[in-house]
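Data block below; observations after.
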Amino acid sequence: MTRTESRVLVAGGGPVGLFTALLLARRGIAVRVFETFTELQDDPRAATTHPGTLEVLGEVPGLVEDMARFGLVTPIFQFWDRPSGRRVAEFDHALLAADTAYPTVIQCEQFKTARLLLDRLRALPNAEILFDHEVTAIAQDADGVSVTVRGPDGEGVHRGAFLVGADGGRSLVRKSCGIAFDGFTWPERFIVFTTPFDFEAGRGYCPRSYFADPAEWCNCFKVSADGPPGLWRTVFPTDSTTPEAELMSDAAVQERLQRFFPGDRPYEVVHRNLYVTHQRVAGSFRAGRVLLAGDAAHVNNPIGGMGLNGGLQDAGNLAAKLEAVMLEGAADSTLDLYDRQRRLVALEFVQSQTIANKNRLEEKDPEARERNFEELAEIAADPVRARGFMRRTGMIDSQRRAAAITLDEAS
Ligand SMILES: Cc1cc2nc3c(=O)[nH]c(=O)nc-3n(C[C@H](O)[C@H](O)[C@H](O)COP(=O)(O)OP(=O)(O)OC[C@H]3O[C@@H](n4cnc5c(N)ncnc54)[C@H](O)[C@@H]3O)c2cc1C
């Protein structure tokens, strides 16, 4: 390989692109990241980082510790039945002490994780991060990939051995490769309000609380924001026919919060956001020298906080495979194994779990609701079953499962 063709190009400087680049650069592989925006975006999105993902992030010294320092360590999560106000079940990740070095969840806002990754990447001489550079076209041949990029000085073509498409759900890289993104879009949009109201002190809810309600479910979780006392984020489904301006109006925001969490004064709302969610997985995570990771490869609803986790787990898997191929002479089929392992897990696990999570919260049939609650309470009361449950929700099982998938396994 020529010098440029020993480089890996990365489209997208979100958390998945940055983490992939960092893992590669730390292994001695030159990387160049292209990011359309001029700087990291700090809009509130994912925060929950599961034990299975902390294991992968733990490869970078000090990273998990920094995430804990700038975020919140939240080992406990709860399920509530909203109409009756009953706490149905509580789970404590401490039960996973024998399963993982990280028996907890860390709530670290996505932009903080991205910042921690970027700072580390910038310290490495073999890593380049080009903000304000948009990938506009890609091509590949037997020796490498050519990526056309529009930057402040005009358009240029960059050459590399491989291209990682970590350019988000609307991925130009995925579309350019003609890879399908099959699945569906939920009719209801999700609305998120961020408030300084302390739901723990004020209501007794823990920093990760899920509320089942046949009329309108809610996820309520805490982030550390700029430091104590932190902020709480509440996520609700919305009616698909109501115009955005109406849903986002001050009156509607207050009405929704008061309906769900009645109080004697208006809630202070510091951020509001409405977004569309999908359940989709790319038809392949590989097209020759192009590999997809993160939202470019799979998207899902946020209940259970699995989207970004899956993407960071992709990054860990892909970096190890690229190292094997580029530095250790492993067969090209090693990259097919990346596709097989991560794609099967996205389909088998993340899609089914996130859809089941949503179904459980919004179940309308009274008998089915009661059965769900009884089952959750029984699992929580039995340490063996609770451990199995949290291995799954904490994405440890999906990591182990991915590692065990071989190329012979049918997809
Ligand atoms: C509005 C919104 C709210 C969300 N809220 C939650 C939540 O509450 N909980 C949760 O678990 N998950 C949430 N998610 C999902 C979560 O944010 C994603 O799973 C996560 O961002 C995936 O990381 P990524 O790096 O794969 O993609 P992204 O974070 O989307 O990063 C992709 C990057 O690629 C860049 N890019 C795109 N095209 C190009 C190009 N052609 N050239 C160069 N750069 C390009 C983009 O600018 C972006 O920075 C939310 C997503 C959205 C969109």
> Under the Kirkwood approximation for Rh and a Cα-based Rg, what ratio Rg/Rh is obtained for the chain?
Replying inline: 0.97
> For the range 317-411, what is the accessible area per residue in Å², given a 1.4 Å probe and the full set of protein chains?
Replying inline: 47
> In whole Å, what is the distance between the alpha-carbon centres of the range 178-205 and the range 85-163?
Replying inline: 22
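Looking at the range 1-106, send over the antiparallel percent of its DSSP beta bridges, to the nearest 5. Spell out each step's value before the answer.
Values: 8 of 12 bridges.
In the range 1-106, approximately 65 percent of DSSP beta bridges are antiparallel ones.
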>> Spelling out what I want: for every residue of the range 303-316, take phi, set θ = phi - 60°, compute 6.51 cos²θ - 1.76 cosθ + 1.60 (Karplus), and round to whole Hz; glycine and proline get x.
In response: 6, x, x, 10, x, 5, 4, x, x, 5, 5, 4, 4, x
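First select every other residue whose beta carbon is under 9 angstrom from the beta carbon of R391; then total the charges, Lys and Arg +1, Asp and Glu -1.
Numbers: positive: R387, R392, R400; negative: D99, D397.
My count for the surroundings of R391 gives +1.
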>> Can you give me the Kirkwood hydrodynamic radius for the range 151-291, using every pair of distinct Cα atoms, in Å to one decimal?
In response: 18.4
> Rounded if a/c is under 1.5, else prolate if a/b is larger than b/c, else oblate: which is the range 349-411, with a ≥ b ≥ c the root eigenvalues of its Cα gyration tensor?
Replying inline: oblate
> Within the chain, what percent of beta bridges assigned by DSSP are antiparallel, to the nearest 5?
Replying inline: 70
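Would you mind telling me the share, in percent, of accessible area of the chain contributed by carbon and sulfur at probe 1.4 angstrom? Please list the in-between numbers first.
Details: 8690 of 16890 Å².
Here it works out to 51 percent.
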>> I'd like the Karplus ³J(HN,Hα) series for the range 120-128: coefficients 6.51, -1.76, 1.60, θ = phi - 60°, whole numbers in Hz, and an x wherever there's a Gly or Pro.
In response: 5, 5, 5, 7, 9, x, 9, 10, 10
> Principal axis lengths of the range 290-330 from Cα atoms, whole Å, largest first?
Replying inline: 40, 17, 9
>> Give me, ordered by chain and number, the residues 5 or more places off V10 or on other chains with an amide H under 5 Å from its own placed amide H.
In response: R32, V33, F34, V164
>> Given the DSSP H assignment, sum -39500 (n - 2.57) over each helix run of at least 4 residues in the chain and divide by its residue total; what's the result at 222 nm in deg cm²/dmol, nearest 500?
In response: -10500 deg cm²/dmol
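Ranked from highest to lowest mean number of other Cβ atoms within 10 Å per residue, what is the order of the peptides 349-360, 11-22? Write out the running numbers ahead of the final one.
On the way: 349-360: 18.2, 11-22: 29.2.
Descending packing order for the listed peptides: 11-22, 349-360.
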>> Using the Karplus curve 6.51 cos²θ - 1.76 cosθ + 1.60 with θ = phi - 60°, what ³J(HN,Hα) values do you get for each residue of the range 91-108, in whole Hz, with x for Gly and Pro?
In response: 10, 10, 5, 4, 5, 8, 4, 7, 9, 7, 6, 10, x, 6, 10, 10, 8, 10
> List the lysines whose alpha-carbon lies under 26 Å from that of K222, not counting same-chain residues fewer than 8 positions away?
Replying inline: K112, K358
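If packing is taken as the average count of other Cβ atoms within 10 Å, what order do 137-148, 294-305 fall into, highest mean first?
294-305, 137-148
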> Considering amide H positions built from the backbone, and no H for Pro or chain starts, which residues 5 or more places from G288, or on another chain, come under 5 Å of its amide H?
Replying inline: none
> So who's got an amide H within less than 5 Å of the one on T49, skipping anything under 5 residues away but keeping other chains? H placed 1.01 Å off N, in plane.
Replying inline: I106, Q107, C108
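Under the classification rounded if a/c is under 1.5, otherwise prolate if a/b is larger than b/c and oblate if not, where does the range 284-411 fall, given a ≥ b ≥ c as square roots of the Cα gyration tensor eigenvalues? List each step's numbers first, then the result.
On the way: a/c = 3.03, a/b = 2.21, b/c = 1.37.
Note, shape of the range 284-411 comes out prolate.
The values are calculated or read from the model by the stated rules, or taken from the named source; none is laboratory data. Keep in mind that this is a model prediction, so the values were computed, not measured. Glycine also receives a Cβ, built like all others from the backbone with ideal geometry; neighbour counts cover every protein chain displayed. Keep in mind that these areas ignore ligands, DNA and RNA; they rest on the heavy atoms of the full protein, side chains included. Shrake-Rupley method; radii C 1.70, N 1.55, O 1.52, S 1.80 Å.
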